[in-house]
Amino acid sequence: MRLNFKKRIAVFNTLAVAVTTAIVFIVIYAVVYNSSYRHLDSDILLEKEEILNTLDWKGDSIIINKMPEWEEAEHNKVEVNPTFIQIVDNKERMIFKSANLQSNHFLFDPANETENFFNSLVDKQRLRLGQFPIRNDAGKLIGQLTVGISQQESYYVLNNLLISLCISFPILLLVLYLVVYMTASKAIAPVQRLIRAASVIDDSNINTRLPLPENEDELYQLAKTINELLNRIETSVQQQKQFTADASHEIRTPLAAIRGTLEVLLRKRREPEQYEERIQEVITQTDRLNQLIDQLLQLARLEGGSIKKEMINIEKLAEETITKYDKQIVEKDIQVKIAIPEGTTVFTDNLFLSMVVDNLVSNALKYGDSNSQITIVWHDKGHLLSITNKGPEISKEQLPFLFDRFYRTDDSRSSHIAGSGLGLAIVKKLADLMQLKITVDSYPGNTTFSLQFPS
């Protein structure tokens, strides 16, 4: 059977208190029980001393003196605090028994050599008995003395205590369960309010937030944490929606261009040169679409990517990257300066770092001014690799969105430059996987991308 949270709290607390209460009740009963019987045993021992003082012996025979002692009322009555006495010799013959025993007698161990206390029943009366060996002056065992006193009063006390404990135990647990259940209901009321508020949140009202409790306790922290999670989810949902819209737009643009070009070709017959020109446009748009799809697939693979770290020579990596863009460097008459000390190495993923540097160098070439300079510098003090190009400034308003997918800066930077806006998104994803911190500084005529490696 599954219990709700309130009932579980009540049950677990009740069980804990039940165990504790049971232990306390057992201890109380044991203390009263032992106290009662110690009191009875003490009275028996006092009576034993009095009786032994009245006895004498001759050889193995027991002689009873001071006969008036044996006529005391406590030895004759059965109803009011009676004391029972029985004496037998070493041949198990009855030497004496008090009048209140009447026709009864006590069972005894003829070989008993120590004090022995036990309980017995005589004429339906509960007795506490003590059996003691009788020895002569030579220390020889010559008989057994049994002294009994009523334990009815102690029995009633213990019995009433046991009944009281047994009755109060379930009542106490029932009351405790109800109190804890009501307390738990009140305690988790704020949680239920949070549950009701959270249950109505879906993608249509993702901007809804949970109400924060008045007291800044654990529930307040829980609600605050859930609201922060909702903020991240809302941001992610908005990014996904924006990504879908942007991807659709970026894919539709080259497809529309291809369709338009083909429709123009179908309207009438044209010269071979015109066909070649139009087909070249289709190929260009197809290449753009193919590059876009490759980048989208690359981003998808990076979502669950893992890295393989190794020692990488930064200078060699930068030189190899620059070599790929010799044609563009010559076309724009750009000078490339590499200021990396020989033998500088970093410990990270070679493929991922190559892709990052490649994207950053490609951006620097695309957006850098002609007849300018690109510098790649290693700052040993901060374990920092910076790539700087001379070109238009990226405004402060644009910087926070620079690494978003499909984001491109204003028309002055992008209208005449091919690209999908995914390059820097891939760079940011790769940097996060390699645990690199990437930053951008831009002012008129100068833009710098920096990669900070772990120390």
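Quick note: the coordinates plus some simple rules give every number you see, no bench work behind them. Only a predicted model underlies this, so the values are computations on that prediction, with no experimental measurement involved. All Cβ positions, glycine included, derive from the backbone under ideal geometry; neighbour counts span all protein chains shown.
Here are the numbers:
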read-out: Segment 5-160: C-alpha gyration tensor shape, a/c 1.5 cut-off, then a/b vs b/c; value: prolate
read-out: Computed E for S168/S236 - FRET, C-beta separation, R0 56 angstrom, nearest 0.05; value: 0.45
read-out: Segment 5-160, relative contact order in percent, only Cα pairs under 8 angstrom and at least six apart counted; value: 21 percent
read-out: Segment 11-49-segment 178-205 distance, computed between alpha-carbon centres (Å); value: 46 Å
read-out: Table column - 3J(HN,Hα) (Hz), segment 426-435, Karplus curve with 6.51, -1.76, 1.60, x for Gly and Pro; value: 5, 4, 5, 5, 5, 4, 5, 5, 8, 6
read-out: Kirkwood Rh in Å, taken over segment 306-452 so that all alpha-carbon pairs contribute; value: 15.6 Å
read-out: Length gained when the stretch N227-E92 is fully extended (0.36 nm per residue, less Cα-Cα span); value: 39.4 nm
read-out: Inter-site label distance for E218 and Q373 at 7 Å from Cα along Cβ, in nm; value: 6.3 nm
read-out: N65-V175 FRET efficiency (beta carbon distance; Förster radius 45 Å; 0.05 resolution); value: 0.10
read-out: Positive-end extreme of charge dipole, the chain - chosen from T286, A339, I188 (charges on Cβ); value: T286
read-out: Mean separation of Cα contacts under 8 Å, 6 or more apart, over the residue count of segment 306-452: relative contact order %; value: 24 percent
read-out: Hz values of 3J(HN,Hα) by residue in segment 20-30 - Karplus curve (6.51, -1.76, 1.60), Gly and Pro given as x; value: 5, 5, 4, 4, 4, 4, 5, 5, 4, 5, 5
read-out: Nitroxide proxy distance, nm - points 7 Å out along Cα→Cβ at F118 and D380; value: 9.8 nm
read-out: Proxy reagent accessibility, fewest Cβ within 10 Å first, across K7, K437, K381, K390; value: K381, K437, K7, K390
read-out: Descending Cα extents along the principal axes, the chain, whole Å; value: 154, 55, 41
read-out: FRET efficiency estimate (nearest 0.05) - Cβ-Cβ, Q152 to V31, R0 25 angstrom; value: 0.75
read-out: Shape call, segment 77-215: gyration tensor on alpha carbons, a/c limit 1.5; value: prolate
read-out: Fewest-first ranking of E310, E234, using other Cβ atoms within 10 Å as the exposure measure; value: E310, E234
read-out: Of N446, S370, S395, farthest towards positive along the dipole that unit charges on Lys, Arg, Asp, Glu beta carbons give segment 306-452; value: S395
read-out: Taking K268, K97 and counting other C-beta atoms within 10 Å, the order from fewest to most; value: K268, K97
read-out: Net charge dipole size for the chain [Lys, Arg +1 and Asp, Glu -1 on Cβ; Debye, nearest 20]; value: 1560 debye
read-out: Violating pairs (Cα-Cα greater than 21 angstrom) within the set K91/K124; K7/K224; K332/K390; K327/K366; K308/K428; K58/K91; value: K91/K124; K7/K224
